[in-house]
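Data first, discussion second: the structure below is written as structure tokens.
The values are calculated or read from the model by the stated rules, or taken from the named source; none is laboratory data. Because the structure is a prediction, the values reported are computed rather than measured. Reconstructed Cβ throughout: ideal geometry from the backbone, glycine too, with neighbour counts over all protein chains shown. When the accessible area is computed, the model is the full protein with side chains, heavy atoms only, and any ligands, DNA or RNA have been set aside. Shrake-Rupley method; radii C 1.70, N 1.55, O 1.52, S 1.80 Å.
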Amino acid sequence: MSLSEQQFSIEDLHPIDIVEHLAEHNDWDFDRVADDQIAMAVEGQWRTYSITLAWSEQDETLRLICTFEMDPPKEKLPQLFEVLNATNDMCWAGAFAYWQAQKLMVWRYGLLMAGGQTASPEQIDTMIGAAVLSAERFYPAFQLVVWGDDTPEAAMQVAMAEAYGRA
């Protein structure tokens, strides 16, 4: 059964209620921070990602941020920013940023739902999945340029390579 075929009517649910249902369905740790905000921990291959979704009634946007800690040495910041620019050139939905004060790598995305539109559970699930997939795809490039002394070009080759088969 698809997520939208569950026993509830999605038109009657707040977007964060849908996210909470998805978190329960996927057995993710979550905390309903407020009526319009939820924080979750989603396990990836490389690490556990902190994901926060917040509904803004004012601009009718469901905002998602997916974060993971990163504390690069100051001398590596120019290389990290170069990889960030290259990464964002490859991303069509959402973008990465580095929040230096918080020492966080951040994937941000906003789903506009103007005019009273409602997001489906599949749409929100895809949104969360895209955030984790992007973090997983580019995490090695960020690490290689910061800690592996790779050039930004070499680090990006890892993100562009596609794996075939299984290890």
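Output the residues belonging to segment 17-47 that are among the acidic types (D, E) and part of a loop (DSSP other than H, G, I, E, B).
Matches in segment 17-47: D27, D35, D36.
Between residues in segment 72-83 that are of a type in the set (F, W, Y) and residues that are open to solvent by less than 40 Å² (accessible area, probe 1.4 Å), which pairs lie under 8 Å by C-beta distance while being six or more apart or on different chains?
F81/Y98
Among the candidates C66, C91, single out the residue that is open to solvent by less than 40 Å² (accessible area, probe 1.4 Å), at pLDDT below 90 and not β-branched (V, I, T).
On inspection, the qualifying residue turns out to be C91.
So A131 passes all but one of these: (1) touching a Phe, Trp or Tyr at 6+ places or on another chain (Cβ under 7 Å); (2) over 28 Å from L53 (Cβ atoms). Which condition number does it fail?
(2)
Looking only at helices (runs of 4 or more DSSP H) that lie completely in segment 59-167, which have at least 3 residues being aliphatic (A, V, I, L, M) and within 20 Å of V19 (Cα to Cα)?
Correct list: 121-147.
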